[in-house]
Amino acid sequence: VETDDLKVPSCIRHLQFASFCGYMVFIIYSASYALFHRHLAVLPGLLLYFMIMPFYVVFNSCMLTVSLFRIATGNTGGWVVTSRATGVAASALFGEEPLLGIG
């Protein structure tokens with residue numbers, strides 16, 4: 001089903017179909033493993049996992065796209081360095097003794 005507005009190359013459609021088939025094989029294998037080994041309590045968790053997984057993949061793809069865009073444009077922010085306690089307050093907090101008692 002192809003419209004004039006959205007012309008998807010056949011190689012892309014084949015790749016998407018292969019990806020879908022691979023995902024279905026993964027689901028069928030997991031469910032059959034649980035059934036054959038009598039782990040029926042696992043099936044609701046498997047169902048939930050496989051229903052949520054596509055949203056997880058889309059979310060991570062968006063996060064990766066935003067990250068790569070920020071890196072490509074140079075908008076990565078900067079490091080914020082805070083000063084450490086010094087003087088009397090530092091010795092009260094950390095003590096006079098060196099780390100691990102060495103030195």
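The values are calculated or read from the model by the stated rules, or taken from the named source; none is laboratory data. Predicted model only: the values in this text are computed from it and were never measured. Positions of Cβ are backbone-derived with ideal geometry, glycine not excepted, and every protein chain shown enters the neighbour counts. Side chains included, ligands, DNA and RNA excluded: accessible areas come from the protein's heavy atoms. Shrake-Rupley method; radii C 1.70, N 1.55, O 1.52, S 1.80 Å.
Sort 43, 35 from largest to smallest accessible area, using a 1.4 Å probe on the heavy atoms of the protein chains. Walk me through the numbers before you get to the answer.
Working: 43 55, 35 95 Å².
Largest accessible area first, the residues go 35, 43.
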With every protein chain present, what accessible area does residue 53 have (1.4 Å probe, heavy atoms only), rounded to the nearest 10 Å²? 40
For residue 52 and residue 80, what does the FRET efficiency come to when R0 = 25 Å and r is the distance between their Cβ atoms, rounded to the nearest 0.05? 0.10
Could you put 39, 14 in order of accessible surface area, largest first, with the 1.4 Å probe and the full protein assembly present? 14, 39
By accessible area (1.4 Å), largest first, 21, 62 order as 62, 21
